[in-house]
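Notes follow the structure.
The values are calculated or read from the model by the stated rules, or taken from the named source; none is laboratory data. This is a predicted model, so every value here is computed, not measured. Glycine gets a Cβ as well: all are built from the backbone with ideal geometry, and neighbour counts include every protein chain shown.
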Amino acid sequence: MTLQSKLPHIGTTIFTVMSRLATEENAINLSQGFPGFGADPLLLEMVAKYVRDGMNQYAPMVGIPALREVLAEKTRLTQGYFPDPETEVTIVSGATEAIFSAVSAVVRSGDEVIILEPAYDSYEPAVTLNGGIPVYVRLNSTDFSVNWEKVKASVSPKTRAILVNTPHNPSGFVWDKSDLDTLADLIRGREIYVISDEVYEHITFDGKPHFSLGGHPELRSKTFVCGSFGKTFHVTGWKIGYCIAPRTLTAEFRKIHQYVTFSTVTPIQFALAEYLEAPDRYLSIPGFYQKKRDLFAMGLAKTALKIIPSQGSFFQMASYGHLSSMADQKLAIEMTKKLKVACIPISVFYSDKQDDKIIRFCFAKENDQLEEALSRLKKLEDILN
Ligand SMILES: Cc1ncc(COP(=O)(O)O)c(C=O)c1O
């Protein structure tokens, strides 16, 4: 018997490859998107307390009420609307699960799903495994804003959903309110759902606000907002996130979530519910990351690389086409081996592996690590020749 793969084109992800290489080469790992520093000790203590207090059995399938309520309150405070904690908020095992369950809830065999690329790698398999057909639309190549004319041209009677991501990984582009209005115009009167990946909702710079698609009254009725506590509170290994969607969509979403994981780690739900009671714990995050973005972007500007401004997320992209025609995957490997700094080549975020000679760095690291990486990157030209 030979098992016919349902995902024959999927191998080991570049994130695993680059992180492994970074460890082997003892390089500074600015490749994979995870913080290099710990969480607030208070949050850790809260988790320990709930573990000790015996909150260690299954949580309710939809998440504990206290966490759903405080999340609804956070949404009111930051986005100006209050989703019903009972029927519109679900706690899940990370945004990856939220995206997979939302896609599974709406995509049927033969449905087309628009994916804006460069795109996070979990979108396409979620669509394909549900029998959907990914339809790729490229973001504008200069600033990674959405090319709405192209999106419009890709809509067909078979379009069932569009997957969007703001703040965007890998570019850091953040949608304006006008982007939300344009999307609302585009899907008005059609049965097209929106799966909105907003895991970097609390990481925007220079005072730029994050506009959740759930905050747009018209889009809200068609949108699954997917979020991640792991990204917000520097605890990506906890794999806990949420989905906010209108009642009818949430009902279908929960049917899938129920059989993907059923419920999500109990003591961490209690800890987050308590921790989120003080809004400053999430409202202070943009300021914290702005300092790192500034430090890294200013340092990078002094190297031979050309920086592509990042408005949000904890990523900074840079181009090197003016220096060399080396393939971006090769450059990432050479940089790790010779300069001992690991990054991610952007071609891996494109379905056809288009190589625009751009690389991505994660700056969610301790400042001394960032400074050391920047000093090593000054020698970049030596490895390009
Ligand atoms: C754009 C984007 N979406 C989703 C995720 C996954 O989030 P989680 O760890 O909560 O599943 C990531 C993590 O890197 C991401 O960058």
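Being assigned by TED's automatic domain parsing to the domain that holds D352, within 24 Å of P170 (Cα to Cα) and part of a strand (DSSP E or B), is that true of even one residue in region 17-28?
Yes: region 17-28 contains one or more residues that are assigned by TED's automatic domain parsing to the domain that holds D352, within 24 Å of P170 (Cα to Cα) and part of a strand (DSSP E or B).
Please note which helices (runs of 4 or more DSSP H) are completely contained in region 212-288 and include at least 1 residues that are at pLDDT 95 or above, more than 13 Å from the ligand (Cβ to nearest atom) and of a type outside the set (F, W, Y).
The helices (runs of 4 or more DSSP H) meeting that bar are 217-220, 247-260, 266-275, 280-283.
Going by the conditions given, is I91 closer than 19 Å to A251 by Cα and either within 16 Å of the ligand (Cβ to nearest atom) or among the small types (G, A, S) (or both)?
So I91 passes the test.
Condition check ((1) more than 30 Å from L116 (Cα to Cα); (2) assigned by TED's automatic domain parsing to the domain that holds K231; (3) aromatic (F, W, Y); (4) surrounded by fewer than 16 Cβ atoms within 10 Å (Cβ to Cβ)) across all residues:
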{"residue": "D328", "(1), (2), (3), (4)": "no, no, no, no"}
{"residue": "A332", "(1), (2), (3), (4)": "no, no, no, no"}
{"residue": "I346", "(1), (2), (3), (4)": "no, no, no, no"}
{"residue": "D352", "(1), (2), (3), (4)": "no, no, no, yes"}
{"residue": "I359", "(1), (2), (3), (4)": "no, no, no, no"}
{"residue": "R376", "(1), (2), (3), (4)": "yes, no, no, no"}
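What are the residue pairs meeting all of these: first residue in region 23-41, first residue farther than 15 Å from I333 by Cβ, second residue within 16 Å of the ligand (Cβ to nearest atom) and basic (K, R), Cβ atoms under 7 Å, and 6 or more apart or on different chains?
That search, which allows pairs on different chains as well, returns G36/K365.
Scan S196, S171 and give me the residue that is out of contact with any His (no Cβ under 6 Å at 6 or more places or on another chain), part of a loop (DSSP other than H, G, I, E, B) and not assigned by TED's automatic domain parsing to the domain that holds C362.
S171
M61 is checked against (1) touching a Ser or Thr at 6+ places or on another chain (Cβ under 8 Å); (2) within 16 Å of the ligand (Cβ to nearest atom) and fails just one. What number does that condition carry?
Here M61 clears every test but (2).
Of the residues D111, D121, D143, which is touching a Phe, Trp or Tyr at 6+ places or on another chain (Cβ under 8 Å), more than 15 Å from the ligand (Cβ to nearest atom) and of a type outside the set (V, I, T)?
Step by step, each of D111, D121, D143 is checked, and only D143 is touching a Phe, Trp or Tyr at 6+ places or on another chain (Cβ under 8 Å), more than 15 Å from the ligand (Cβ to nearest atom) and of a type outside the set (V, I, T).
Looking at this structure, is Q4 away from the ligand (no atom under 16 Å from the Cβ) and at pLDDT below 95?
Criteria met by Q4.
In region 298-325, what residues are among the hydroxyl-bearing types (S, T, Y) and closer than 13 Å to F363 by Cα?
Answer for region 298-325, where residues must be among the hydroxyl-bearing types (S, T, Y) and closer than 13 Å to F363 by Cα: S310, S313.
Pick from region 186-209 the residues that are under 21 Å from F173 (Cα atoms) and away from the ligand (no atom under 16 Å from the Cβ): which of them is surrounded by the most Cβ atoms within 10 Å (Cβ to Cβ)?
This residue is F205.
Do any residues in region 208-235 that are over 20 Å from A184 (Cβ atoms) have Cβ atoms under 8 Å from those of residues that are among the basic types (K, R), where the two are at least six apart or on different chains, and which pairs are they?
Matching pairs, first to second residue: G230/K239; F233/R281.
Of the residues G33, G80, G110, G54, which is under 22 Å from F262 (Cβ atoms) and not aliphatic (A, V, I, L, M)?
G54
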